[in-house]
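Written below as structure tokens is the structure these notes are about.
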Amino acid sequence: MYSNLKKFFSVPNYISMNSSGIEVGNNFVRFVEFTNLKGVVKLSNFGEFPLAPKTFKDGEIINKEELIKTLYNVKKSLKNDYVKVSVPEEKTYLFNVNLPYIKPSEIRQALEFKLEENVPLKLSESIFEFKLIKKPKNERENLFLNVSVIPQKTIEDYLEVFNIVGLNVISFETESKMVSKSLIPRHDNKTSMIVHIKDDSTTMSIVSQGVTCFTSSVPVGNNSVLDSFKRVSGGKYENIKKIPDKILSRDESYDENVYDSFLNIFSVIKDEMEKFNRYWESQVALYPDSGFSKLDKVILCGRSAAIPGFVNHIIQNIGVDTVIGNVWGNTFNLDGFLPDLEFFDSLDYAVSIGLAMPSKNNSNIDND
């Protein structure tokens, strides 16, 4: 079974085809599609379908029938039945490993011996991929590798429901890597921390030399923002999208009580970011030959990232350049094409956009 399933994990760009990007979250299924006409990439289709409660939780399919029902609705909206699907952070493992120099053909077997030392899974229960972080200059230098692992059962469960619906899965991709793919400019080898605010949690990931090296999560997210806002607004908002855009605008001032209600959430995320950054700095010191470097920038995404004061709160406390992410930066230039997806909404689509993005050879963005 392993040999049949591993082909679904991160298909290389050079053999990838145009595909739809599908993200399954605890409360929704989102999708994105692009068109590529004569080298000009445009957003052609996007959408979101709600999931019934207790259908999906942290990467686990709780109710297959409900998920299948929702995926049938997604399929009706898609123009392309070939899809790439994200696997939530809760179901993926990342680790870095040093190996003595060996031939590329021998790397996978060497990593198989390292797998059970680094993740709580047996080799027979795992599907993994690896990426070279720093190319050795000669055979005397070690190989420094980043390894991504997904439980085999997770892939089997996902494949079952997608096959029933008739959606052809090209590959499964880790959530954090798809966010990085949409937010980090190509050829950018600096070190960034991506802070992805989702509905039920916030995921932080370190991207260095174009590789997502570490991730960490905290159980605070959009729903925490919504609960906080409900307390100062009398509870009239049902979900985060119902909060008026002017409240989430970086240019609008608003009631001080609203800001105070958000401040605790800012602080929880900021504290976790500081801990994560300290851990990263310990890794920089531990692996001096890896090419790792200290943090250059923080990139925020997710609708709540645009709350006024959040960016300044991070800058003041962490002291690193902090920006709201541009999810379109590796796909098209906003000066030449304005997508139908509103700015605040687009911040929630980073995963789906990363999944659906054309390969670098087909994009009309040039970052050289």
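A short reminder: the numbers here are calculations on the coordinates, not readings from a lab. What you see is a predicted model, and the numbers here were worked out from it, not measured in a lab. Note: ideal-geometry Cβ built from the backbone for every residue, glycine included; neighbour counts use all protein chains shown.
Points worth noting:
- Positive end of the dipole of the chain (Cβ unit charges, origin at the Cα centre): among T331, N18, I184, the Cα lying farthest that way belongs to N18.
- Reported value for region 49-103: 135 Å³ per residue, from the convex hull of its C-alpha atoms.
- Net charge, L145 excluded, C-beta distance under 12 Å - Lys, Arg +1, Asp, Glu -1: +4
- Kirkwood Rh in Å, taken over all unlike Cα pairs in region 74-159: 14.9 Å
- Using just its DSSP H runs of length 4 or more, each adding -39500 (n - 2.57), the chain gives a mean residue ellipticity at 222 nm of -10000 deg cm²/dmol after division by all residues.
- Largest first, the three principal axis extents of the alpha carbons in region 104-231 are 61, 40, 28 Å in whole numbers.
- Working from Cα pairs under 8 Å separated by at least six residues, relative contact order for region 2-360 is 20 percent.
- Set of region 82-108 residues, backbone N closer than 18 Å to the point 7 Å along the Cα-Cβ line of E116: 108
- Antiparallel DSSP beta bridges within the chain, as percent of all bridges there, nearest 5: 70 percent
- Ordering of 117-123, 258-264, 307-313, 19-25 by packing [mean C-beta count within 10 Å, highest first]: 19-25, 307-313, 258-264, 117-123
- With 30 Å as the limit on Cα-Cα distance, the pairs of K76/K131; K198/K294; K79/K230 that go past it are K76/K131; K79/K230.
- Calculated FRET efficiency for the pair L37/N168, C-beta based, R₀ 22 Å, to 0.05: 0.45
- Sorting the Cα pairs of region 299-345 by distance into bins of 5 Å, from 0 upward, gives 4, 19, 26, 20, 15, 11, 5, 0 percent per bin.
- DSSP-loop chymotrypsin sites (Phe, Trp or Tyr not before Pro) across region 99-156, with at most 16 other Cβ within 10 angstrom: Y101
- Averaged over residues, the count of other Cβ atoms within 10 Å places the peptides 270-276, 174-180 in the sequence 174-180, 270-276, highest first.
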